[in-house]
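Just below is one structure, and these are the notes that go with it.
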Amino acid sequence: MPELPEVETVARTLRTGTPALIGQTIRDVLVLWPRQVAHPSPTTFAQGLSGARIQAVDRYGKYLLIGLRTSQGCQEADSVLLVHLRMSGRLELVPEAQAVTRHARLVWRLDGGLALRFEDARKFGRAWWVTDPAVVLGKLGPDALAISAEVFMARARSRCGALKPLLLDQSFIAGIGNIYADESLYLSGLHPKRLVATLNEAELLRLHTAIQYVLRAGIAANGASVDWVYPGGHFQEHFAVYGRAGQPCHRCGQPIQRILVAQRSTFFCPSCQPS
């Protein structure tokens, strides 16, 4: 599943690529898989977005946010299109002639011969059109790339349970998934099953620093490509532990181990992350 660095790379490509999505006008919308639209109804979604101008492309956690200016009679209003890629979603700006493919679920056809294509082989991705993004994002914790050390430590002190499930909890911190949780815990020298309540201030600060470093490194590498879902990333070439079970640790040479934590494959070094 694409995590924060992969979604940030998609947002950056749409925002600054050639051509860029910002400034385009949506001519019409093809809803090829109605369940892909979470809100409003597919009919209202398609009709309401026709004629909208794209003003911004942002990200929060694992969500893409596309800012729109829509016309309502003689008045104009701002709204937001949110997209969550989930397990197999891909959002790309393509020539209109390439817009409808086997796995295309939503297509926004734009002026000038382009289209924004949402492909999703497994059909788990979703799109929302709302006036207030808090309707969708309000349940999430602070964005993992923007959270300060002070806020991170304060929120962690109010939680219990093991570290790995806490980092995966999007209501605690938004944007981290399996890959970047394992890499952050390794960099901070903390065991995935360590109870968060046992961490002192220095350890919490070390974990926050590791999260920021790993996420920024992932973004610099255009994310990680570990399967066909998200191509073009290179961060997998720099994994310290994720997917490296049985291979030697880059620091100490001990074999990386794989265990299950909260039903998720978890990779760590038993020597560098003893507790």
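Students often forget the sequence filter, so: which lysines lie under 18 Å Cα-Cα from residue 164 once same-chain residues fewer than 8 apart are removed? Counting by Cα, and skipping residues close in sequence, residue 164 has these lysines nearby: 62, 193. Each of 94, 37 was scored by other Cβ atoms within 10 Å of its Cβ. Arranged with the fewest first, they read 94, 37.
Select from 209, 47, 191 the residue farthest towards the positive end of the dipole of the chain; place +1 on Cβ of Lys and Arg, -1 on Cβ of Asp and Glu, and compute about the Cα centre. So the residue furthest toward the plus end is 191. From the Cα gyration tensor of region 24-87, with a ≥ b ≥ c the square roots of its eigenvalues, which class applies: rounded if a/c is under 1.5, or else prolate if a/b is larger than b/c, or else oblate? Oblate, because a/c is 1.5 or more while a/b does not exceed b/c. Residue 198 sits among other residues whose Cβ lies under 15 Å from its own Cβ, and their net charge, with Lys and Arg +1 and Asp and Glu -1, is +4.
With neighbour counts taken as other beta-carbon atoms within 10 Å, the residues 193, 123, 139 rank, fewest first, as 139, 123, 193.
Extents of region 149-268, largest first, come to 38, 29, 26 Å (Cα atoms, principal axes, whole angstrom). Rounded to the nearest 20 debye, the dipole magnitude of region 149-268 is 280 debye, with +1 charges on Lys and Arg beta carbons, -1 on Asp and Glu beta carbons, and the Cα centre as origin. From the alpha carbon centroid of region 1-30 to that of region 225-247 is 23 Å.
Here the contact order of region 38-136, divided by its residue count and restricted to Cα pairs under 8 Å and six or more residues apart, works out to 27 percent.
Note that the chain carries a Kirkwood radius of 19.8 Å, evaluated over its alpha carbons pair by pair. For the chain, a crude dipole built from +1 on the beta carbon of Lys and Arg and -1 on the beta carbon of Asp and Glu, taken about the Cα centre, is about 620 debye to the nearest 20. Anisotropy class assigned to region 213-254 is oblate, per the alpha carbon gyration tensor with a/c at or over the 1.5 cut-off and a/b no larger than b/c.
With a ≥ b ≥ c the root eigenvalues of the C-alpha gyration tensor of region 4-137, is it rounded (a/c under 1.5), prolate (a/b larger than b/c) or oblate? Cα axes put region 4-137 in the rounded bin. Each 5 Å bin, from zero up to the one with the longest distance, holds this percent of the alpha carbon pairs of region 98-206: 2, 10, 15, 17, 13, 10, 10, 9, 7, 4, 2, 0.
Here, each number is a calculation from the coordinates, and none is a lab measurement. Please read these numbers as outputs of a predicted model, since none were measured by experiment. All Cβ positions, even for glycine, are placed from backbone atoms using ideal geometry, and neighbour counts span all protein chains on display.
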